1. Of the residues 76, 65, 104, 57, which is loosely packed, with under 14 Cβ neighbours inside 10 Å, modelled with pLDDT of 90 or more and under 17 Å from the mean Cα position of the chain (by Cα)?
2. Anything in region 101-116 that is touching a strand residue (DSSP E or B) at 6+ places or on another chain (Cβ under 8 Å) and within 16 Å of residue 48 (Cα to Cα)? List them, or say none.
C-alpha cells in the first residue's frame, strides 16, 4: 500500500512539473511577438512626408486620387521614402477626402468601391 501511494505521488509530481514548463513556453511567445510589433505600434502609410495611422473607419466619399503606394516596407517610417505602407502593397491608391485637408487625413482604396480612413500623426 505504501509503495502504491509513493508511485501515485511520483506520477502526480511529474505531471505538475511538465505543466509548469508549458506555461513558461506560452509566456515567452507573446514577448517575442511584442518585440516584432514594437517597431510599428500601428499600421501606417507614409505620403507627402506625413505618417498616417490606418483606421478601420470606412469612407463613403473620396475627392480625388493623390497618389499610390510604391513600396510595402518593414523599415522604420523615418527611414522610409514617401508612398510606402507597412500594410498595403505597391499599387494601392490613395485619395483626398471631401472637406478634409490631406495634412489631417486621407483615404486608402481597399477594393474597387471601398475605402478606409488614415489619420495623420502630428
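The values are calculated or read from the model by the stated rules, or taken from the named source; none is laboratory data. Nothing here was measured: the structure is a model prediction, and the numbers come from that model. As a convention, Cβ positions derive from the backbone with ideal geometry for all residues, glycine included, and neighbour counts pool all protein chains shown.
1. 57
2. 102, 103, 104, 105, 106, 107, 108
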